[in-house]
Amino acid sequence: MESIKVKAHVGQDGVLSLQLPVKNQDVEAMVIYQLVQKRSHQGSKQRFQAMLAQHQGQTFSDSTELFREDRRRG
């Protein structure tokens, strides 16, 4: 069994279209879906600024290191 995770848009017609890396074979598919909450740019900016304030005075080589430290703290 193979699994694949994709983000897709379901249109007004309610149809979800997927392309699979399989050709000319019978498949059994299971769909589990989760609605994606859209985040505003302003909300993301506020969360990032709060995280920066939390780590003020620390030196990080890049934002990846900052995010890693934030996740570690929980």
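Count Lys and Arg as plus one, Asp and Glu as minus one, and take only other residues whose Cβ is under 15 Å from that of Leu16; the net charge is then +1.
Carbon-plus-sulfur fraction of the accessible area of the chain, 1.4 Å probe, in percent? It would help to have the intermediate numbers written out before the result.
Numbers: 3910 of 8010 Å².
Here it works out to 49 percent.
Helical content of the chain, expressed as a calculated mean residue ellipticity at 222 nm, amounts to -10500 deg cm²/dmol (DSSP H runs of 4 or more residues, -39,500 (n - 2.57) each, divided by residue number, nearest 500).
Out of the chain, which trypsin sites (Lys or Arg not before Pro) are coil in DSSP terms and have no more than 16 other C-beta atoms within 10 Å? Present the calculation step by step, with values, prior to reporting the outcome.
Numbers: sites: Lys5, Lys7, Lys23, Lys38, Arg39, Lys45, Arg47, Arg68, Arg71, Arg72, Arg73; in loops: Lys5, Lys7, Lys23, Lys38, Arg39.
Hits after loop and neighbour filter: Lys5, Lys7, Lys23, Lys38, Arg39.
Quick one: accessible area per residue over the chain, 1.4 Å probe, rounded to a whole number of Å²? Could the numbers behind the result be given before it?
Working: 8010 Å² over 74 residues.
So the chain comes to 108 Å² accessible per residue, rounded to a whole number.
Counting every alpha-carbon pair across the chain, the share separated by more than 14 Å comes to 75%.
The values are calculated or read from the model by the stated rules, or taken from the named source; none is laboratory data. As the structure is a prediction and not an experimental result, all values here were calculated from the model. When we count neighbours, we look across all protein chains shown, and the Cβ atoms used for this are built from the backbone with ideal geometry, even at glycine. Side chains are part of the model used for accessible areas, which takes the heavy atoms of the whole protein and leaves out ligands, DNA and RNA. Shrake-Rupley method; radii C 1.70, N 1.55, O 1.52, S 1.80 Å.
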